[in-house]
1. By how many nm would the segment from Glu58 to Glu89 grow when fully extended, if each residue of separation counts as 0.36 nm and the alpha-carbon distance is taken off?
2. May I ask you to evaluate 6.51 cos²θ - 1.76 cosθ + 1.60, the Karplus curve with θ = phi - 60°, for each residue of the stretch 91-108 and list the ³J(HN,Hα) values in order in whole Hz, giving x for glycine and proline?
3. Under a plain spin-label model, where a point goes 7 Å from the Cα along Cα-to-Cβ, how far apart in nm are Phe32 and Arg76?
4. Before I look further, what does the chain give for accessible area per residue, probe 1.4 Å, in whole square angstrom?
5. Please give the net charge around Asp72, taking every other residue with its beta carbon less than 15 angstrom from that of Asp72, where Lys and Arg add +1 and Asp and Glu add -1.
6. Over every pair of different alpha-carbon atoms in the stretch 57-118, take the mean of 1/r and invert it; report that Kirkwood radius in Å.
7. For the chain, with only Lys/Arg (+1) and Asp/Glu (-1) charged at the beta-carbon, what is the dipole magnitude about the Cα centre, in debye rounded to 20?
8. What ranking of Val111, Val91 comes out by heavy-atom accessible area, probe 1.4 Å, highest first?
Amino acid sequence: MEFKNREKVGSGGPYEDVVGYSRVLCAGPLVFVAGTTAGSDGSPIPESCEDQTRQTIEIIITNLNKVRVTLDEVVRVRMFVVDIKRNWEDVSRVMNSYFANVKPVMTMVGVAGLIDDKMCIEIEMDAVRK
């Protein structure tokens, strides 16, 4: 399958150019959001996992808007959570506040750590443009 209309968006995060990836990549109707954390846009990382989850979703929304996509078009969410037994309820509460009506498929995986010890969650999303 060939996609002539690839659209790439960066968020200006500290790792995008170092690693060589886009925050959002669109290939035809398919939209992929790279692993995103609080601070991915250069802003300070909040202390609580609940606040980090909220900030991460807001960073994703900002970047989806750049390619004219909304959370209503999200079909899959992957969450990588440090200390999942302690943080899953806070993460779930925030995710539900954004996705209660959308109901994409979601996976939450416990991980040993992320690139910055202050980070507790990394989120990836896939969407299909309307």
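1. Details: separation 31, 0.36 × 31 = 11.16 nm, distance 1.90 nm.
My answer for the length gained is 9.3 nm.
2. 4, 4, 4, 5, 4, 4, 5, 9, 10, 3, 8, 7, 6, x, 6, 9, 10, 10
3. With each label point 7 Å from Cα toward Cβ, the separation is 1.0 nm.
4. Solvent-accessible surface per residue comes out at 56 Å².
5. Spelling it out: positives minus negatives among the neighbours equals +3.
6. Evaluated over the stretch 57-118, this radius sits at 12.8 Å.
7. So the magnitude is around 580 debye.
8. Result of the area sort, largest leading: Val111, Val91.
The values are calculated or read from the model by the stated rules, or taken from the named source; none is laboratory data. As the structure is a computational prediction, the values presented were derived from the model and not from experiment. No Cβ is skipped: glycine too gets one built from the backbone with ideal geometry, and neighbour counts run over all protein chains shown. Note: areas computed on protein heavy atoms with side chains; ligands, DNA, RNA excluded. Shrake-Rupley method; radii C 1.70, N 1.55, O 1.52, S 1.80 Å.
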